[in-house]
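Visitor: Quick one: this structure, given as structure tokens, is what I'll be asking you about.
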Amino acid sequence: MNLSAADISPPDSPGQTDHRFIVETDRLCKSYGRQQALADVTLQVPPGTIGLLGPNGAGKSTLIKCLLNLTSPTSGSARVLGRDIRVWNRASREKVGYSPELDSHISGMVGCEYVTYCGQLSGMSFRHARQRAHEILDLVGMGQERYRSIDTYSTGMRQRAKLAQALVHDPAVIFLDEPTNGLDPSGRENILRLIGSLRRELGTSVVISSHLLHDIERICDRVIIIAHGRLLEHDSIEALKNRHRRIVELAPAAETGRYLAMLTQAGLEVERLSNGRLRVESASDSIEWVLELMRTHNLPPAEVVTNPNALHELFVRALAIGPNRT
Amino acid sequence: MSPSLDLSRWREAPKGVGYRRWTIISSGLRHLLRTRLFITLLFMAWTAGFLIAAFGFLLSQSIATGGWLETAATHMGPRVEAVVTAIGGFIVLFPDIIIGGFFTLVFWLHSFLGLGLCLVALTVMVPRLIASDRASNALTIYLSRPLTSADYLLGKLGMIVGVLLLLWTGPLVFGWVLGMLLSPDRDFIVYSFLPFLHALTFNGIALVVLAATALGVSALSRTSSPTVILWMVLWIFAGAVAKFPLAPVWLRRVSFSHNLSEVRMTVFRLDTALADASASLPLLTEQMGDSLRKAALSAQAHDFNGAMMGLGVLTVLSSVVFLRKLRPE
């Protein structure tokens, strides 16, 4: 049998980062003894900012570790940026960054030396790695601390250093495992903004594992929900919201009583929330009917929020599903 | 507001795996070179290298025709001149015994210094090989890059090889090459080459054993103190026990320093050099001949096969340990 060049070389050249799917898995399984951490996970994840959701022990970290070949899948196959992780072990991680959940660093180095070293380990020349290291450390909000030994860093600073080492080699995709753990509120806000802008400004896809639903909803355009090692949901946030109960919350500027009466009169079941908002289940995706009602009854303006906690509801529903779901 | 990502882009082809392995090696050695102890060891090692060259130069200049010894002897009367001429004659008649014997002795002595310096350096280095990486979960950082556990291991192995090259092999080769460059004729190169090869052979065996043992010890624990203590136990305590006259043979074979001593005696063949000298050199008194024969007997290895077996078992066990512990937790 004759092999063509495409058979014996990686499917893309360095620098080429346009992929239809950043991650593809086919019936990926991982077992630790009798415990199944991942069961038949089949995914095709397009580029974007993707949230990986699931309760503790759901298999989120195991999935990321399998994709990075940090742990060997028991069965099934996986491709990252079009490269089969088993066939192209090293090459499959060339344009991939990873910030692990656990505190991980190379001790005995100062911050900028550490990030530079990580760049070199990814194949960057010292000059390029050094330059990128300083730029990334600026970006993650590390000032003069970069010249201190990484062993003396606080949890927040280590979190920033982890993010910096994941980004230093300009990856096409980064896997972030609980990247905001241990950060103070302003640091968390900065890092979330940074993560949110990676796809938009650099074209870097992000797979972020977190249990903070609000963060995921804010920065991600797609969500993968895993529980008991099984894939429960994978879709865009927009589509997921629309697939579930269509909840509309109204926060009237005034005359809440009239709003309540009007909605009840329209035959809707209205729930009055403790924050003063009115919550109703909508029959359609559109909120035109609300605006029409407001116009007809000449009601004062109100803030209208559709599917305010859709992700939360979805997540809670996923938790309620037992391990034996098929 | 989103932050402005004013970044330079890196779109070059990544450098090869050889470069990445070299990055691990050079970074480890650079960190070691920052310590005062290692610089001191380096100074001692290279002073020894210069001394080898100096001894070679002195020997060649002392006994070669027209050398400083012969010139000086002409001013010291006919008796001294006769002795010096006789020594010169010995060289011509027994170059293998005089030159070979001299260099065997020098390299044999240097092997003690080289091995000792390496063992001290490895005591400092052992916790930094794998133990500290395991403690700080650094393996995850390494293996999430385009590196495999074999690359990581080769990098760490390269660090040990680097230390041995800097403290032992490097000065040895440098001393011999410089000594030979300064020697007046080819005989010195020809007859010192075999002892030099013996020295390199012993160096290679020690390198394999020390590298595997150091990696194994380093992989056993996550913290610095137990790693250093275990290394010291294997090196000093087991070595001292092996020297105890009543120690059983199997216990002696546990000590890698004892086993390396046995290997050293066999590889350098100092006993053969001394026995040859006592049997072949004329003008030696009976007493001098007896002394050489006794020295030859004491320089003889007693348990070479057992020592090699002991070193083999230690190397295999250590390799099993670090290979098992290498996956990130």
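Visitor: Just one of A:Leu183, A:Leu240 is in contact (Cβ under 8 Å) with a residue 60 or more places away in the chain, touching a helix residue (DSSP H, G or I) at 6+ places or on another chain (Cβ under 9 Å) and among the aliphatic types (A, V, I, L, M); which is it?
Guide: On the way: A:Leu183 fails: in contact (Cβ under 8 Å) with a residue 60 or more places away in the chain.
Only one candidate qualifies: A:Leu240.
Visitor: Just name the residue that is nearest to the other protein chains (Cβ to nearest Cβ) out of those in the range B:20-72 that are surrounded by 16 or more Cβ atoms within 10 Å (Cβ to Cβ) and β-branched (Val, Ile, Thr).
Guide: Only one residue tops the list, namely B:Thr23.
Visitor: Looking at A:Thr155, A:Thr204, which one is closer than 21 Å to A:Val23 by Cβ, among the hydroxyl-bearing types (Ser, Thr, Tyr) and out of contact with any Lys or Arg (no Cβ under 8 Å at 6 or more places or on another chain)?
Guide: Working: A:Thr155 fails: closer than 21 Å to A:Val23 by Cβ.
On inspection, the qualifying residue turns out to be A:Thr204.
Visitor: Also, quick follow-up: When you go through (1) closer than 25 Å to A:Asn309 by Cβ; (2) within 10 Å of chain B (Cβ to nearest Cβ) one by one for A:Ile225, which number turns out not to apply?
Guide: Condition (2) is where A:Ile225 drops out.
Visitor: List every residue pair whose Cβ atoms lie under 7 Å apart, where the two residues are 6 or more positions apart in sequence or sit on different chains, the first residue falls within the range A:266-293 and is free of Cβ contacts under 8 Å to residues at least 24 places away in the same chain, and the second residue, located anywhere, is exposed (fewer than 14 other Cβ atoms within 10 Å of the Cβ) and not in a loop (DSSP other than H, G, I, E, B).
Guide: A:Glu269/A:Glu281; A:Val270/A:Thr264
Visitor: Within the bounds of the range A:32-47, is there any residue that is within 14 Å of chain B (Cβ to nearest Cβ), touching a residue at least 12 places away in the same chain (Cβ under 8 Å) and not aliphatic (A, V, I, L, M)? Write out each step before concluding.
Guide: Filtering the range A:32-47 for residues within 14 Å of chain B (Cβ to nearest Cβ) gives A:32.
Filter once more, so that each one left must be touching a residue at least 12 places away in the same chain (Cβ under 8 Å): none.
No, the range A:32-47 contains no residue that is within 14 Å of chain B (Cβ to nearest Cβ), touching a residue at least 12 places away in the same chain (Cβ under 8 Å) and not aliphatic (A, V, I, L, M).
Visitor: Can you name every residue in the range A:256-284 that is surrounded by 15 or more Cβ atoms within 10 Å (Cβ to Cβ) and over 30 Å from A:Arg222 (Cβ atoms)? Talk me through it step by step, then tell me what you get.
Guide: First, the residues of the range A:256-284 that are surrounded by 15 or more Cβ atoms within 10 Å (Cβ to Cβ): A:256, A:259-260, A:262-263, A:268, A:270, A:277-280, A:282.
A:Thr256, A:Tyr259, A:Leu260, A:Met262, A:Leu263, A:Leu268, A:Val270, A:Leu278, listed by residue number.
Visitor: Shifting gears a bit: Give me the residue from the range A:230-263 that is within 20 Å of A:Pro301 (Cβ to Cβ) and of a type outside the set (A, V, I, L, M, F, W, C) and, out of that set, nearest to the chain's Cα centre (by Cα).
Guide: In this case the residue turns out to be A:Glu249.
Visitor: Keeping to the range A:87-116, report how many residues are more than 7 Å from chain B (Cβ to nearest Cβ), of a type outside the set (Gly, Ala, Ser) and either without any contact (Cβ under 8 Å) to a residue 40 or more places away in the chain or surrounded by fewer than 23 Cβ atoms within 10 Å (Cβ to Cβ) (or both). Even if it seems obvious, please write down each step before you answer.
Guide: As a first pass, look at the range A:87-116 and keep what is more than 7 Å from chain B (Cβ to nearest Cβ): A:87-88, A:92, A:95-97, A:99, A:101, A:109-116.
Filter once more, keeping what is of a type outside the set (Gly, Ala, Ser): A:87-88, A:95-96, A:101, A:109-110, A:112-116.
Going one step further and asking which of them are either without any contact (Cβ under 8 Å) to a residue 40 or more places away in the chain or surrounded by fewer than 23 Cβ atoms within 10 Å (Cβ to Cβ) (or both), we end up with A:87-88, A:101, A:109-110, A:112-113.
The total comes to 7.
Visitor: Quick one: is A:Arg86 more than 21 Å from A:Ser205 (Cα to Cα), basic (Lys, Arg) and at pLDDT below 90? Don't jump to the end; show me each part of the working.
Guide: On the way: more than 21 Å from A:Ser205 (Cα to Cα): yes; basic (Lys, Arg): yes; at pLDDT below 90: yes.
The answer is yes for A:Arg86.
Visitor: Just to be sure, is B:Asp151 part of a helix (DSSP H, G or I), within 14 Å of chain A (Cβ to nearest Cβ) and touching a Leu at 6+ places or on another chain (Cβ under 6 Å)? Outline the logic, then answer.
Guide: Details: part of a helix (DSSP H, G or I): yes; within 14 Å of chain A (Cβ to nearest Cβ): yes; touching a Leu at 6+ places or on another chain (Cβ under 6 Å): no.
Taking the combined requirement at face value, the residue does not satisfy it.
Visitor: Given the conditions (1) touching a residue at least 60 places away in the same chain (Cβ under 8 Å); (2) within 14 Å of another protein chain (Cβ to nearest Cβ), report the number of the one that B:Ile141 does not fulfil.
Guide: All conditions pass for B:Ile141, except number (1).
Visitor: State whether the residues of the range A:123-133 include one that is in contact with a Leu (Cβ under 7 Å, 6 or more places away or on another chain) and touching a residue at least 24 places away in the same chain (Cβ under 8 Å).
Guide: Restricting attention to the range A:123-133, the residues satisfying the condition of being in contact with a Leu (Cβ under 7 Å, 6 or more places away or on another chain) are none.
Checked against the condition, which is being in contact with a Leu (Cβ under 7 Å, 6 or more places away or on another chain) and touching a residue at least 24 places away in the same chain (Cβ under 8 Å), the range A:123-133 yields no hits at all.
Visitor: Pick from the range A:129-152 the residues that are of a type outside the set (A, V, I, L, M, F, W, C) and surrounded by 20 or more Cβ atoms within 10 Å (Cβ to Cβ): which of them is nearest to the other protein chains (Cβ to nearest Cβ)?
Guide: Quick first cut of the range A:129-152, residues of a type outside the set (A, V, I, L, M, F, W, C) only: A:130-132, A:134-135, A:138, A:141, A:143-149, A:151-152.
Checking the rest, the ones that are also surrounded by 20 or more Cβ atoms within 10 Å (Cβ to Cβ) come to A:132, A:146.
Details: A:Arg132: 6, A:Arg146: 16 Å.
It comes out as A:Arg132.
Visitor: Could I ask something else about it? Determine which member of the set B:Asp151, B:Asp133, B:Asp187 is free of Cβ contacts under 8 Å to residues at least 24 places away in the same chain and more than 14 Å from B:Ile52 (Cα to Cα).
Guide: Within the list B:Asp151, B:Asp133, B:Asp187, the selection yields B:Asp133.
Visitor: Please state which of the following conditions B:Val163 fails to meet, knowing it meets all the rest: (1) more than 21 Å from B:Arg20 (Cα to Cα); (2) of a type in the set (A, V, I, L, M, F, W, C); (3) away from every other protein chain (no Cβ under 14 Å).
Guide: Of the numbered conditions (1) more than 21 Å from B:Arg20 (Cα to Cα); (2) of a type in the set (A, V, I, L, M, F, W, C); (3) away from every other protein chain (no Cβ under 14 Å), the odd one out for B:Val163 is (1).
Visitor: For the range B:237-329, give me every one of the helices (runs of 4 or more DSSP H) that falls completely inside it and has 3 or more residues that are over 28 Å from B:Leu113 (Cβ atoms), modelled with pLDDT of 85 or more and among the β-branched types (Val, Ile, Thr). Steps first, answer last, please.
Guide: On the way: elements: B:238-243, B:249-252, B:256-268, B:270-280, B:286-298, B:304-325.
It comes to B:304-325.
Visitor: If only one of B:Leu129, B:Leu122 is within 14 Å of chain A (Cβ to nearest Cβ) and buried (at least 22 other Cβ atoms within 10 Å of the Cβ), which one is it?
Guide: Values: B:Leu122 fails: within 14 Å of chain A (Cβ to nearest Cβ).
Testing whether each residue is within 14 Å of chain A (Cβ to nearest Cβ) and buried (at least 22 other Cβ atoms within 10 Å of the Cβ) leaves just B:Leu129.
The values are calculated or read from the model by the stated rules, or taken from the named source; none is laboratory data. In this text the structure is predicted, and so the values were computed from the model without any measurement. Using ideal geometry, Cβ is built from the backbone for each residue, glycine included, and neighbour counts are taken over all protein chains shown.
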